[in-house]
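**Q** I am attaching a structure below and will ask some questions about it afterwards.
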Amino acid sequence: MGFEEINRILFFTLNDICPIATSRISMMSIDDRYAGYPFLRFRFKEKDKNDVIYSKIKDAVKDFKGLLSWEMITFDDVPNYLILPTYVYSDGRPTSGDLNEHLIAKYGENLYRKMIDQAIVDIPNLAKAIKDKFHEQ
């Protein structure tokens, strides 16, 4: 599976479960995979933020065993959810500054890049884990 497909597979997996209202398909920059941490921001069309579908996906993400740990989060002040590696917000939500710069300063450039590479390996398996969770029902 090529980078372009990996970069979009989670979006398409979730969109197959229920149509997505948000427009960003890619999890990373297509020009430079190291330009930022991988994440998918999404919400479903015609689904309330507290709909049970989100808790099912959250459970699948939390239960996923990959090279990295992953989570699905949301904040009270936004309508969307994020699926991302746990390390991104391990210190909480920053109040200022660039989050990527903060992560590079915290982990160092080499480890930061390694974690992005690990995420690229994990993403297709994470998408499969979510898909399997919905097909077992």
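A short reminder: the numbers here are calculations on the coordinates, not readings from a lab. What you are looking at is a predicted structure, and each value in this text was computed from that prediction instead of being measured. Neighbour counts run over all protein chains shown; Cβ positions are idealised from the backbone, glycine included.
**Q** So, residue 113, is that one surrounded by 14 or more Cβ atoms within 10 Å (Cβ to Cβ), more than 20 Å from residue 15 (Cβ to Cβ) and basic (Lys, Arg) or not?
**A** Values: surrounded by 14 or more Cβ atoms within 10 Å (Cβ to Cβ): yes; more than 20 Å from residue 15 (Cβ to Cβ): yes; basic (Lys, Arg): yes.
Considered against the rule, which asks whether it is surrounded by 14 or more Cβ atoms within 10 Å (Cβ to Cβ), more than 20 Å from residue 15 (Cβ to Cβ) and basic (Lys, Arg), residue 113 comes out as yes.
**Q** Give the residue, chosen from 104, 83, 130, that is β-branched (Val, Ile, Thr) and part of a strand (DSSP E or B). Before the answer, list the steps.
**A** Details: 104 fails: part of a strand (DSSP E or B); 130 fails: part of a strand (DSSP E or B).
So the residue among 104, 83, 130 that is β-branched (Val, Ile, Thr) and part of a strand (DSSP E or B) is 83.
Table: residues versus (1) within 23 Å of residue 121 (Cα to Cα); (2) β-branched (Val, Ile, Thr); (3) free of Cβ contacts under 8 Å to residues at least 12 places away in the same chain; (4) in a helix (DSSP H, G or I).
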{"position": "57", "(1), (2), (3), (4)": "yes, yes, no, yes"}
{"position": "65", "(1), (2), (3), (4)": "yes, no, yes, no"}
{"position": "72", "(1), (2), (3), (4)": "yes, no, no, no"}
{"position": "100", "(1), (2), (3), (4)": "yes, no, no, yes"}
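**Q** Hey, among the residues in segment 70-110 that are out of contact with any helix residue (DSSP H, G or I) (no Cβ under 9 Å at 6 or more places or on another chain) and surrounded by 14 or more Cβ atoms within 10 Å (Cβ to Cβ), which one's farthest from residue 34 (Cα to Cα)?
**A** Selected residue: 80.
**Q** Which residues, taken from segment 1-29, are under 25 Å from residue 108 (Cβ atoms) and loosely packed, with under 15 Cβ neighbours inside 10 Å? Steps first, please.
**A** First, pick out the residues of segment 1-29 that are under 25 Å from residue 108 (Cβ atoms): 3, 6-7, 27-29.
Hits for segment 1-29 are 3, 29.
**Q** Sticking with this one: Considering 85, 79, which residue is farther than 25 Å from residue 3 by Cβ and touching a residue at least 24 places away in the same chain (Cβ under 8 Å)?
**A** Numbers: 85 fails: farther than 25 Å from residue 3 by Cβ.
Checking each option against the conditions leaves just 79.
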